[in-house]
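The block underneath contains the structure these notes are about, expressed in C-alpha cells.
The values are calculated or read from the model by the stated rules, or taken from the named source; none is laboratory data. In this text the structure is predicted, and so the values were computed from the model without any measurement. In this analysis, Cβ positions are derived from the backbone assuming ideal geometry, glycine residues included, and neighbour counts consider all displayed protein chains. Ligands, DNA and RNA are stripped out before the accessible areas are found, and what is left, the full protein with its side chains, is counted by its heavy atoms. Shrake-Rupley method; radii C 1.70, N 1.55, O 1.52, S 1.80 Å.
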Amino acid sequence: MMKNFQWKAQLPHLIAVLVFAFVAIIYCRPAFDGKVLEQSDVIHWKGMAQDLVKYKETHGTYPLWNNNLFGGMPAYQVILETSNPLTPGYFHALFMLFLPKPVGFFFLLCISFYFLSQVIRVKPWLGILGSIAYAYSAFSEIIISVGHDTQMLALGYLPAILGAVWLVYQKKYLWGAALTALFSCLLIAQNHLQITYYFLVIATFMTIGYMIQWVKNKEYKHMFMALAITLISGGIGAACNMVTLATTSDYSKATMRNSTLNLDTTSATGTRKGSGLPIDYAFGWSYGKLETFTLLVPGIYGGGGSDKLPENSAFVQKLTEKGASEEQAQGIGDQIGTYWGAQPFTSGPVYLGAVICFLFIFGIVYLDTKQKWWILAVVIASIFMSWGKNFEIFNNFLFNNLPLYNKFRVPTMTLIIPQLLFPVIGILALNQFFFEEKNKALSEQKLKMATYITGGIFLILGLLYLGWDYAGPNDEMLKNNFTQMLQGNAAEAKSLYNAIKTDRQTLFGKDLLRSFLLVLVAVAILWLFIKNKIKTTYALIGIILLSSLDLLSLGRRYLNENNFQEEDAINEASFKLSPAESAILKDSSYFRVINLSRDVFNDAITSYHFHSVGGYHPAKLSIVEDLLNYQLRKQPINLKVLDMLNTKYIIVPDRQTNQPAVQQNPDALGACWFVKAIQYEATPATVMKGLNNFDPKDTALVEEKYRSVINTQFTADSTATIKLVKNDNDFIEYVSASATKQYAVFSEIYYDRGWKAYIDGNESPIIQTNYVLRGMVVPAGNHKITFEFKPESFYSSSKIALIASVLVWLLLIAAMIDTFREKKTVNA
C-alpha cells in the first residue's frame with residue numbers, strides 16, 4: 001500500500017498546512033515570546049472561575065456549584081469537567097496543530113475551511129486563498145482581542161461540519177457520516193450554542209437547495225438516505241456532549257433567558273415575561289443597514305470604539321488651538337474612539353475583505369451552479385438578521401416564531417455567515433474561471449458585469465462620503481462632555497464636535513480609497529489573465545497575495561503586539577487588591593461582599609477574591625435578575641435585602657484617595673437564622689413587593705403554594721440556635737438546637753434543579769423563601785442539616801455521552817477500513 005500511495009498528490013495539501021502554520025506563527029509571534037493576550041472577557045472569566053480553581057486545588061475536581069457569583073449559581077456554566085476517556089475531543093489539539101493560543105485558533109479556522117474547499121473540489125491553491133480569507137476576516141481578530149475564545153473555536157469547526165454534511169449530499173455516505181459525527185461533536189464541545197444555531201441556519205438553506213434538485217431529478221432514495229444519515233450522525237456528535245447540553249438545557253429553564261418577572265407597580269400580582277430574552281435586550285447590538293457596507297469598506301463608520309483618530313486629526317489640532325498640549329489633546333481624542341454607528345459600542349467592524357467581496361459578486365454573476373442560489377439566499381437572510389431592531393418587521397417575526405431564536409442576543413453575530421460563504425463563492429468562481437472555463441468571451445462578459453456592479457456600489461459609497469453629515473445616533477453624550485470640558489462654552493464645544501465629524505469623514509475616505517484600489521488591482525489581474533497577458537500561476541499568486549495582505553494588514557488594527565503582555569503583569573493589574581480589600585480577607589467567617597466601586601452586576605473581578613453579591617454572567621438565574629431589577633439596582637438600594645444575603649462588607653469608592661474603601665455592615669444576618677413568623681404571599685410578584693418593607697431577621701416571605709408543605713405553626717424559642725459548620729460549594733452543613741419546631745432561613749440562592757436537603761440524613765423539602773433564598777422547617781431538638789448539590793442532568797447524561805463517543809470512533813474506523821478496501825481493490 002505504501003508503495004502505491006501517491007505522495008505527490010498529497011504535496012499541495014502538505015504545503016497548505018505549512019502555509020497556514022507559517023502565517024499564524026508570524027502573525028502571532030509574541031505568543032512564542034512567553035506573552036499572552038490581554039483579553040477583557042478572559043480576565044472576567046478568570047474572576048468567575050477562581051472559586052472553582054481553588055476548590056480543585058484541594059479536592060482534585062471542579063465543583064458543580066459556584067459560591068462567588070450572584071450569591072451562588074451552577075458552576076458548570078463557567079467550567080465543566082467530565083470524565084469521558086473515549087471522547088473524540090482528543091482530535092481538537094491535533095486540529096489546532098498543538099499550537100498555543102491564538103496561533104492555534106487561526107490554524108484551526110484555516111485547516112477547517114481548507115477541508116471544505118476540497119469537499120467542493122477546488123484547486124488546493126484556491127483552498128489556501130479561501131482559508132486565509134475566512135480565518136483572518138477582521139471579525140476574527142476582534143473577537144480574539146476581547147476574549148471570545150469559545151466563539152472563535154466554534155467558528156473553527158463551522159466550515160468542517162458544513163463540508164462533512166456536503167460529503168453526505170455528494171453520496172460519500174460513510175465518510176460523510178463519520179465526519180459529520182466528529183465535527184458536530186467538536187463544534188458543540190466549544191459550548192457556543194449561538195454559532196451552532198447559525199450552522200443549523202446554513203445547513204437548512206443548503207438542504208432545501210439540495211432537496212429541490214433531488215426532487216427535480218427524482219432522487220428520492222438518495223434524498224431520504226442523505227437526510228437520515230445527516231440527522232443520525234449529527235445527533236451522535238451532539239450526544240457526545242450530552243453532559244454539556246443536558247446541564248445547559250436544565251439550567252436554561254431557570255434563567256433570565258427563559259423568563260423574568262414583569263412587576264407592574266399598578267398591579268397586585270405582576271406577570272412573568274414570556275419564554276426568552278426581552279427583545280430590546282436581545283437586539284441591543286443591531287447592525288445599521290448602511291453599516292453593512294463595512295463588509296467592503298471597514299472605516300465607513302469609523303472602525304471600533306478603541307480605534308485611534310487619524311494622524312494630524314482635526315480634533316487634536318482644534319484642541320491644541322484652545323491651549324491643550326498635543327499630548328493631552330491626543331490622549332483625549334484616543335479616549336473618544338472613532339465609532340459612530342448604530343450600535344451602543346463595538347470593538348471593530350465586520351470586514352470581509354475588498355477582494356473577497358468583489359469575488360463574491362463576481363461568483364454570483366458568473367457561476368452557473370445551483371449551489372450559488374441557496375448561498376445567496378442565506379447570505380441575504382443573515383444580513384437582514386444582523387440588522388435586528390433596524391429591520392423590525394422581519395426580525396420581530398423571527399424572534400417571536402423561529403424556534404429558540406429568542407434565547408440569543410447580538411444580531412450582528414449573524415455576519416459570520418457571509419464571513420464563511422463569501423470566500424466559498426469566491427473560490428468556486430475562480431476555480432471555474434482559471435481552470436474550467438472554455439468560453440472566454442462569456443467569462444469576460446461576466447467579469448465586466450461584476451465590475452460594473454461593484455463600481456456602482458463604490459459610486460453609492462462615494463455619494464455617502466460627500467453627502468453625510470457624520471452625526472452619530474449616540475453623539476449627545478459626546479457633545480455634553482465637550483460642553484462640560486469647556487466649562488459650558490457651547491460654541492467652542494460645537495467646534496470640537498465638528499472637528500470629530502471631519503475626522504470621521506477622513507477615516508471613511510481613507511478606507512474607501514483603500515478598498516477601491518484593492519478591487520481595481522483584483523479586476524486588473526483577472527482582466528490580464530483573460531486577455532492572456534499573464535499566466536494562470538501568476539494571476540493566482542497575485543490574487544492570493546492581494547486578498548491575504550488586505551485582510552492581514554487590516555486585522556493588525558485589532559490584533560497586534562500591543563495585545564500581548566506578560567501574564568503576571570495582566571494578573572497583577574486585573575486582580576490586585578487595595579489595602580482595604582486585603583483587610584477583608586483576614587476575616588475567615590462565611591460572608592458576602594458587594595462592590596459599589598465597580599459596575600456591580602457586570603463585574604467578575606470582585607468574584608476573584610470574594611463571595612460576591614454581584615458578578616458577571618450572560619445567563620443569570622431569573623430570580624437573581626428579578627432581585628437585581630427590583631431591589632438592588634434601584635436607588636436607594638434595599639439594605640434589608642443586603643442583610644438577608646449575608647453582605648458583611650460593602651466596598652465603596654473613596655473620592656479623596658481614589659481607592660476603594662470598605663464599610664462593614666453590622667446588620668448582615670449571617671449564613672442562617674430562625675425567624676419568628678412566616679408571611680404568606682399569593683404570587684412571586686407579591687413576594688417581591690413584600691421585600692420592599694419587611695424585616696428578614698424576624699419574618700420570612702413565602703408563596704402561598706408552600707403553605708401545605710410547611711403545614712405547621714411555630715412557637716418562638718429565644719434560646720434556639722442554628723449555625724453553619726462548613727460550606728464546601730456542593731456540600732453545606734449546619735447544626736441546630738431548639739426546644740420547639742422552627743423555620744430556618746438559609747442565606748443561599750434557591751435552585752431546585754439539583755439541591756437536596758437532609759435533616760439527620762432524612763430528606764426534607766427546601767422552600768423558596770424571600771424570593772431568592774432557601775427555607776426549611778426544622779424539628780425541635782439537636783440536628784445536623786446538610787445540603788448536597790447533585791443535579792440529575794449532570795449525572796444521568798454521562799453514560800449517553802460515553803456511548804455516543806464510542807459510536808463516533810466506530811464510524812471513523814469503518815470509514816478508514818472502507819477506504820483501505822477500495823484502494824486494495826483498485827490496486828489488485
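Quick one: would you say Leu691 is of a type in the set (A, V, I, L, M) and in a strand (DSSP E or B)?
Criteria not met by Leu691.
Quick check on my filter: what residues within the range 725-778 are more than 37 Å from the chain's Cα centre (by Cα), within 29 Å of Asn692 (Cα to Cα), among the polar types (S, T, N, Q) and in a loop (DSSP other than H, G, I, E, B)?
The answer is none; no residue qualifies.
So, in the range 58-78, of the ones that are part of a helix (DSSP H, G or I) and touching a helix residue (DSSP H, G or I) at 6+ places or on another chain (Cβ under 7 Å), which residue ends up surrounded by the fewest Cβ atoms within 10 Å (Cβ to Cβ)?
Gln77
I need the full set of residues from the range 577-615 which are aromatic (Phe, Trp, Tyr) and modelled with pLDDT of 90 or more, in order please.
Scanning the range 577-615 gives Tyr590, Phe591, Tyr608, Phe610.
Just the residues that are over 22 Å from Tyr287 (Cβ atoms) and hydroxyl-bearing (Ser, Thr, Tyr), please, taken from the range 467-523.
Scanning the range 467-523 gives Thr483, Ser495, Tyr497, Thr502, Thr506.
Condition check ((1) assigned to a helix (DSSP H, G or I); (2) modelled with pLDDT under 95; (3) among the hydrophobic types (A, V, I, L, M, F, W, C); (4) within 25 Å of Leu810 (Cα to Cα)) across all residues:
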| position | (1), (2), (3), (4) |
| --- | --- |
| Val122 | no, no, yes, no |
| Gly163 | yes, no, no, yes |
| Ala178 | yes, no, yes, yes |
| Leu186 | yes, no, yes, yes |
| Met206 | yes, no, yes, no |
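Within the range 745-766, is even one residue among the basic types (Lys, Arg), surrounded by fewer than 18 Cβ atoms within 10 Å (Cβ to Cβ) and under 30 Å from Thr58 (Cβ atoms)?
yes
Which of (1) outside any helix (DSSP H, G or I); (2) surrounded by 18 or more Cβ atoms within 10 Å (Cβ to Cβ) does Ala685 not meet, given it meets every other one?
(1)
Hey, does the range 39-50 have a residue that's open to solvent by 40 Å² or more (accessible area, probe 1.4 Å), at pLDDT 95 or above, within 24 Å of Asn563 (Cβ to Cβ) and not in a loop (DSSP other than H, G, I, E, B)?
Checked against the condition, which is being open to solvent by 40 Å² or more (accessible area, probe 1.4 Å), at pLDDT 95 or above, within 24 Å of Asn563 (Cβ to Cβ) and not in a loop (DSSP other than H, G, I, E, B), the range 39-50 yields no hits at all.
Right, Pro85: at negative phi, at pLDDT below 95 and out of contact with any Ser or Thr (no Cβ under 7 Å at 6 or more places or on another chain) or not?
yes
Could you tell me how many of the residues in the range 793-828 are within 30 Å of Ala239 (Cα to Cα) and touching a residue at least 40 places away in the same chain (Cβ under 8 Å)?
Qualifying residue count, the range 793-828: 22.
Scan the range 79-120 for residues that are more than 22 Å from the chain's Cα centre (by Cα), open to solvent by less than 50 Å² (accessible area, probe 1.4 Å) and more than 30 Å from Ile425 (Cα to Cα) and jot them down.
Result: Asn84, Thr87, Pro88.
Exactly one condition in (1) closer than 30 Å to Lys586 by Cβ; (2) surrounded by fewer than 19 Cβ atoms within 10 Å (Cβ to Cβ) is false for Val662; which is it?
For Val662, the failing item is (2).
Pull up the range 296-307, narrow it to residues that are of a type outside the set (S, T, N, Q) and open to solvent by 10 Å² or more (accessible area, probe 1.4 Å), then point me to the one that is nearest to Ile416 (Cα to Cα).
Per the criteria, the residue is Leu296.
Taking the range 671-682 as the search range and keeping residues that are in a strand (DSSP E or B) and not charged (D, E, K, R), which one is surrounded by the fewest Cβ atoms within 10 Å (Cβ to Cβ)?
If we take residues in the range 671-682 being in a strand (DSSP E or B) and not charged (D, E, K, R), then Ala677 is surrounded by the fewest Cβ atoms within 10 Å (Cβ to Cβ).
Only one of these is modelled with pLDDT of 95 or more and closer than 30 Å to Glu444 by Cβ: Ile393, Ile375. Name it.
None of the other options fit; the residue is Ile375.
Test Tyr55 against the stated conditions and say whether it is among the hydroxyl-bearing types (Ser, Thr, Tyr), under 20 Å from the mean Cα position of the chain (by Cα), crowded, with 17+ Cβ neighbours inside 10 Å and part of a helix (DSSP H, G or I).
No; evaluated as a whole, the condition is false for this residue.
Could we say that Ile530 is without any contact (Cβ under 8 Å) to a residue 12 or more places away in the chain, among the β-branched types (Val, Ile, Thr), surrounded by 13 or more Cβ atoms within 10 Å (Cβ to Cβ) and within 30 Å of Ala429 (Cβ to Cβ) here?
Taking the combined requirement at face value, the residue does not satisfy it.
Condition check ((1) open to solvent by 20 Å² or more (accessible area, probe 1.4 Å); (2) over 23 Å from the mean Cα position of the chain (by Cα); (3) of a type in the set (A, V, I, L, M, F, W, C); (4) closer than 19 Å to Pro423 by Cβ) across all residues:
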residue	(1), (2), (3), (4)
Ala138	no, no, yes, yes
Ile142	no, no, yes, yes
Pro159	no, no, no, yes
Trp175	yes, yes, yes, no
Trp214	no, yes, yes, no
Lys218	yes, yes, no, no
Thr247	no, no, no, no
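May I ask you to list the residues in the range 696-724 that are assigned to a strand (DSSP E or B) and either among the small types (Gly, Ala, Ser) or farther than 30 Å from Leu52 by Cβ (or both)?
Scanning the range 696-724 gives Thr699, Ala700, Leu701, Val702, Glu703, Thr721.
With the requirement that a residue be farther than 18 Å from Asn658 by Cα and open to solvent by less than 20 Å² (accessible area, probe 1.4 Å), what does the range 577-590 give you?
Across the range 577-590, the qualifying residue is only Ile584.
Residues being of a type in the set (S, T, N, Q), open to solvent by less than 30 Å² (accessible area, probe 1.4 Å) and on the phi < 0 side of the Ramachandran plot: count how many of those fall in the range 769-789.
Result for the range 769-789: 2.
Any idea how many residues of the range 783-828 are basic (Lys, Arg) and outside any helix (DSSP H, G or I)?
Count: 2.
Yes or no, residue by residue, for (1) of a type in the set (Asp, Glu); (2) part of a helix (DSSP H, G or I); (3) in contact (Cβ under 8 Å) with a residue 40 or more places away in the chain:
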| position | (1), (2), (3) |
| --- | --- |
| Arg409 | no, no, yes |
| Thr414 | no, yes, yes |
| Ile417 | no, yes, yes |
| Leu421 | no, yes, yes |
| Gly426 | no, yes, yes |
| Asn431 | no, yes, yes |
| Phe434 | no, yes, yes |
| Ala441 | no, yes, no |
| Met449 | no, yes, yes |
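In the range 769-804, what residues are more than 19 Å from Gly754 (Cα to Cα) and touching a Leu at 6+ places or on another chain (Cβ under 7 Å)?
Once the filter is applied, which keeps residues that are more than 19 Å from Gly754 (Cα to Cα) and touching a Leu at 6+ places or on another chain (Cβ under 7 Å), the range 769-804 yields Asn770, Leu802.
For the range 333-365, which positions are open to solvent by 10 Å² or more (accessible area, probe 1.4 Å) and aromatic (Phe, Trp, Tyr)?
Hits for the range 333-365 are Tyr339, Trp340, Phe345, Phe360.
Restricting the search to the range 451-462, which residues are closer than 22 Å to Leu290 by Cβ and in contact (Cβ under 8 Å) with a residue 12 or more places away in the chain?
Ile453, Thr454, Ile457, Phe458, Leu461, Gly462
Counting residues that are among the small types (Gly, Ala, Ser), which helices (runs of 4 or more DSSP H) fully inside the range 472-577 reach at least 2?
490-530, 536-555, 567-575
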